[in-house]
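To start, the structure itself, in structure tokens.
Throughout, read-outs are computed from the coordinates displayed, never taken from laboratory work. Computed from a predicted structure; not experimentally measured. Because the Cβ atoms are built from the backbone with ideal geometry, glycine has one as well, and the counts that use them run over all protein chains shown.
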Amino acid sequence: MTGLVSAELLDRVRTRLALTSDTPTAATVAAAIRAEASGVLGDTDLLDALRTLQTELTGAGVLESLLVQPDVSDVLVTAPDEVWVDRGHGLERADVDFADEAAVRRLAQRLALAAGRRLDDAQPWVDGRLPGTAGANFGVRLHAVLAPVAQAGTCLSLRVLRPATQGLDALHRSGTLTDESHDLLRRIVEARLAFLVVGGTGAGKTTLLAALLGTVSPRERIVCVEDAAELAPSHPHVVRLVARPANIEGVGEVSVRHLVRQALRMRPDRIVVGEVRGAEVVDLLTALNTGHDGGAGTVHANSPEEVPARLEALAALGGMDRAALHSQLAAAVQVVLHCRRDARGRRTLAEIAVLERPTGADVVVVPAWHDGWGPGADRLHSLLERANR
């Protein structure tokens, strides 16, 4: 800072504001500046200080301008002068920076407080969710790690939770789906086959799942369970249940697993879990094995072949052993859809596979379609024909 507005003055104002429980407003910030400056600031310096502190104390601070951009999905801070964004084509440097490490730390702690979480030396990391903003109706997922756990300084990761509303036809037009895969996906949904959408981070799993749900008959009731609200299928009858973390006192948690159990009592035609990432896989497979055909979920896996091993690990968290998992999986899920993001950042449906379980063996994933038919094609056609009888 220059002139009469020094870094020491701003620190005193921050401290004064921190001692109040009210959300800072322009009036309260201006009053705090005048009090700490002992009335010696002129109008120009006062406005300078007010502008600096308002940027820091409201929204996501200097990152707010990035989060409201419609094409930004992630904003990452690895150092005061290293801010990165993902606009769907990989990471790129943003023309935004912080004054120093302390400024990054202050922002991380303020955002954690806004998410109802604690972030300090005793609890040096946080995972939470911020309320929606103009550019992200469903909010922002927050993760932060403080130094010295983050060796280079406070590390801040913000994932914009935009509603996944694109339809299947729109994905077809954009090149995510080919003519053949577009037709197959419609038939899979109409046949009420249970499916898992798999892929890596940012591969388009949620987008594809929402598009598929949009093709479900309007006479059916869909109950979606999510850890963070992202699914917004274009369908007239969707019930959305969203998990809730524990508050600062460590109480009030509502887990995805609890919500999957509640979904069973809500007369669902289809049960959907936005992302299967823990013990809730046990309840989802149980639900799909109790007459709830056509259910779905997403799983983080880099290839379809990894799915059984990934589900084994998650099922173990819920107390289900390996043999039981394979028995439940074989009966509950028929199809795996693999999303991939290529080197140019384009999201595509790379593969459609089926699950098979040879007698006395574990479940295996067999490719049925990948720019052409694979060894699992006969089983896929058999499943589709059987459903239409």
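What is the extension gain from Asn388 to Leu317, computed as 0.36 nm multiplied by their sequence separation minus the C-alpha to C-alpha distance, in nm to one decimal?
Difference between extended and current length: 21.9 nm.
For a label point 7 angstrom out from the Cα of Ala309 toward its Cβ, which stretches of the range 349-378 have the backbone nitrogen within less than 13 Å?
365
Could you calculate the contour length gain from Arg87 to Ala103, that is, 0.36 nm times the residue separation minus the distance between their Cα atoms, to one decimal place in nm?
3.3 nm
Taking K and R as +1 and D and E as -1, what net charge do the other residues with C-beta under 11 Å from the C-beta of Leu142 add up to?
After counting each charged neighbour, the total is +4.
Please report Asp321, Asp97 as a ranked list, fewest other C-beta atoms within 10 angstrom at the top and most at the bottom.
Neighbour counts put them in this order, fewest first: Asp321, Asp97.
Give me His182, His338 ranked fewest to most by other Cβ atoms within 10 Å of their Cβ, as a rough exposure proxy.
Neighbour counts put them in this order, fewest first: His182, His338.
Sorted from fewest to most neighbouring beta carbons within 10 Å, what does the list Trp369, Trp125 look like?
Trp125, Trp369
Could you let me know the centre-to-centre spacing of the range 327-381 and the range 201-229, using Cα atoms, in angstrom?
Computed from Cα coordinates, the inter-centre distance equals 19 Å.
In vacuum, with every alpha carbon of the range 296-335 counted as one equal point scatterer, what does the Debye formula give for log10 I(q)/I(0) at q = 0.19 Å⁻¹? Two decimals, please.
-0.53
For a protection proxy built on the mean count of beta-carbon atoms within 10 angstrom, sort 239-251, 216-228, 146-158, 187-199 highest first, please.
Per-residue Cβ counts within 10 Å, averaged per peptide and sorted highest first, yield 187-199, 216-228, 146-158, 239-251.
Could you give the distance between the Cα centres of the range 64-125 and the range 242-299, to the whole Å?
Computed from Cα coordinates, the inter-centre distance equals 30 Å.
Karplus couplings for the range 85-100 from phi (6.51 cos²θ - 1.76 cosθ + 1.60, θ = phi - 60°), rounded to Hz, Gly and Pro as x?
Couplings: 10, 10, 10, x, 10, x, 6, 9, 5, 9, 8, 9, 8, 10, 5, 6 Hz.
Indicate the gyration tensor shape class of the range 318-389 (rounded, prolate or oblate), computed on the Cα atoms with a ≥ b ≥ c the square roots of the eigenvalues: a/c under 1.5 is rounded; otherwise a/b larger than b/c is prolate and the rest oblate.
oblate
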